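> I'd like to ask you about the structure that follows.
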Amino acid sequence: MATPAYLNALRAFEASARHGSFTAAAVELNVTAAAVGQQVRNLEAWLGTTLFIRAGRGTGQLEATANAQLALPDIRAAFDRLAIGVARLKEASAHTGLTVTVSPAFASKWLVPRLEGFQKAHPDLDVQLDTDSRSLDFSLERVDIGVRYGGGQWSGLASEKLMGESLFPVCAPDYPLLRNGQLAPDALSRCTLIHDLSMPNDAAFPTWRSWLDRAGYRSVSAEHGLRINNSAAVLQAAVERQGLALARSVMVQDDLNAGRLIRPLLDGPSEWALKQAYYIVYRPDHRELTHVRVFREWLLAEAGTVTVPTL
């Protein structure tokens, strides 16, 4: 494989093996399934070996042979290195793109309000913000860097802690049940509780029930209320005087600073330090790419200006 003549065939082989299908590989490569199949057959002829075991007629399913499976990690690593080389070449151009992935809530409540400062400091770096709530494949989706929330471990990615956070109740400053800006303990049972459902796969993430029990309000019911699966929308509902929300400190900081929300229960154990945190994530071999490095350093500097209560 001394010349690049078989690069397209190798790409067709790698994509077909990953998807187990010529058809799915063709969608990714933006060619026809017939073209992918022909490229793989040409590669097999050149190598003098079979790369796939074809399933029953009509199924379209492929299974890489034992020898092919042994070779795939090296081929994928080679394509990754090629991608890094291309990225370094792009850095020399007048304008460079940077694809950043974050959750919709983190984008709206923390990143976007601060992003103007980064763009002013780096006008030649075009930021493309992907706010897909699912965890993207950085290689497949060509993502440069992102911020994820959780325990800090994600397969194939390096992570650096950006910010920890805590949880506490908030409401609008003119919420009807407040007296002198505070919520009396006996009024808590009459509040509409706004439930954040944005962490459905994390059983350890505090709910209103667990917070009430921990804070000593076991007699207050958490069965009813408004249920929302987006943290930013939870806070907006609280701003609109619709009830009492359990706010994550990083998400709510700007709303507290602006006076759109207040903390009505400052007495007692109202604050809960969370195990989860925000992490900067990127492919380990992309750490020193200039556009990744400058955005990473900017995120860390911005996080240093955020006051996150600790217990």
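The values are calculated or read from the model by the stated rules, or taken from the named source; none is laboratory data. Since this is a predicted model, take the numbers as computed values, not measurements. We place every Cβ from the backbone using ideal geometry, glycine too, and count neighbours over all the protein chains shown. Only protein heavy atoms, including side chains, enter the accessible area calculation; ligands, DNA and RNA are left aside. Shrake-Rupley method; radii C 1.70, N 1.55, O 1.52, S 1.80 Å.
> Which whole-number value in Å² is the accessible area per residue of the chain, probe 1.4 Å?
I get 52 Å² per residue for this part.
> Rounded, prolate or oblate: which one fits segment 192-237, using the alpha carbon gyration tensor with axes a ≥ b ≥ c (rounded when a/c is under 1.5, else prolate when a/b beats b/c, else oblate)?
Note, shape of segment 192-237 comes out oblate.
> Sticking with this one: On the full set of protein chains, 1.4 Å probe, figure out the accessible area of Val27 and give it in Å² to the nearest 10.
120
> Roughly how many debye, to the nearest 20, is the charge dipole of the chain about its Cα centre, given +1 on each Lys and Arg Cβ, -1 on each Asp and Glu Cβ, and no other charges?
Once rounded to the nearest 20, the dipole reads 340 debye.
> By how many degrees, 0 to 90 and rounded to 10, does the Cα axis of helix 249-258 deviate from the longest principal axis of the chain?
Tilt of helix 249-258: around 50 degrees.
> What are the ³J(HN,Hα) values, in whole Hz, obtained from phi via the Karplus relation 6.51 cos²θ - 1.76 cosθ + 1.60 with θ = phi - 60°, for each residue of segment 208-222 in sequence order, with x given for Gly and Pro?
Whole-Hz 3J(HN,Hα) from phi for segment 208-222: 4, 4, 5, 5, 4, 5, 5, 7, x, 10, 5, 7, 7, 6, 10.
> Follow-up question, since we're still on this one. For Ile53 and Ala78, what is the calculated FRET efficiency with R₀ set at 22 Å and r taken between the beta-carbons, to the nearest 0.05?
For Ile53 and Ala78, the calculated efficiency is 0.40.
> Still on this structure, I have one more. Please work out the C-alpha center-to-center distance from segment 189-229 to segment 22-85 and express it in whole Å.
Measuring centre to centre over Cα atoms gives 50 Å.
> A further question follows. At R0 = 30 Å, how high is the FRET efficiency between Ser135 and Asn180 if r is their beta carbon distance? Nearest 0.05 is fine.
0.10
> Using amide H atoms built in the peptide plane, which far-off residues or other-chain residues are under 5 Å from Leu274 H to H?
Here Glu165, Ser166, Leu167 satisfy the definition.
> Heavy atoms only, probe 1.4 Å: what % of the accessible area of segment 172-311 goes to carbon and sulfur, would you let me know?
Exposed carbon and sulfur together represent 49 percent of the surface.
> Need one number: nm distance between label points at Ser189 and Glu63, each 7 Å from Cα along Cα→Cβ, rounded to one decimal.
For the pair Ser189/Glu63, the computed spacing is 6.3 nm.
> Can I ask one more? Using the crude model of +1 on Lys and Arg Cβ and -1 on Asp and Glu Cβ, and no other charge, please compute the dipole size for segment 161-291 relative to its Cα centre, in debye to 20.
140
> Suppose R0 equals 30 Å. What FRET efficiency, 1/(1 + (r/R0)^6) with r the Cβ-Cβ distance, do Val294 and Asp213 give to the nearest 0.05?
Computed FRET efficiency for Val294 and Asp213 comes out at 0.10.
> Let me ask something additional. Read through the labelled values (1) 49, 24, 15; (2) 30, 25, 19; (3) 40, 22, 17 and report the label of the one computed as semi-axes √(5λ) of the Cα gyration tensor in Å from the structure.
Of the listed options (1) 49, 24, 15; (2) 30, 25, 19; (3) 40, 22, 17, (1) comes from this structure.
> Modelled label-to-label distance, Asn42 and Asp285, 7 Å Cα→beta-carbon offset: nm?
Between Asn42 and Asp285, the simple spin-label model gives 2.5 nm.
> Rounded to the nearest 5, what % of DSSP beta bridges with both residues in the chain are antiparallel?
Here the share of antiparallel DSSP bridges comes out near 65 percent.
> Moving to a separate point now. Positive end of the charge dipole of the chain (Lys, Arg +1 and Asp, Glu -1 on Cβ, about the Cα centre): tell me which of Gln276, Gln128, Ala33 has its Cα farthest that way.
With unit charges placed on the Cβ atoms, the residue in question is Ala33.
> Quick one: if you stick a label point 7 Å off each Cα along the C-beta vector at Glu28 and Ala203, how many nm between them?
3.4
> Something else about it: Residues with amide H under 5 Å of Leu226's amide H, sequence separation 5 or more or different chain, H placed in the peptide plane at 1.01 Å from N; which?
Residues meeting the criterion, in which the H sits 1.01 Å from N, are Leu193, Ile194, His195.
> Relative to the longest principal axis of the chain, what angle (0 to 90°, nearest 10) does the C-alpha long axis of helix 33-47 take?
For 33-47 against the chain, the angle is about 50 degrees.
> Rolling a 1.4 angstrom probe over the protein chains, ignoring ligands and nucleic acids, what is the accessible area of Leu157 in square angstrom, nearest 10?
30
> Multiply the residue gap between Val239 and Gln128 by 0.36 nm, knock off their C-alpha separation, and tell me the result in nm, one decimal place.
Separation in residues times 0.36 nm, less the Cα-Cα distance, equals 37.0 nm.
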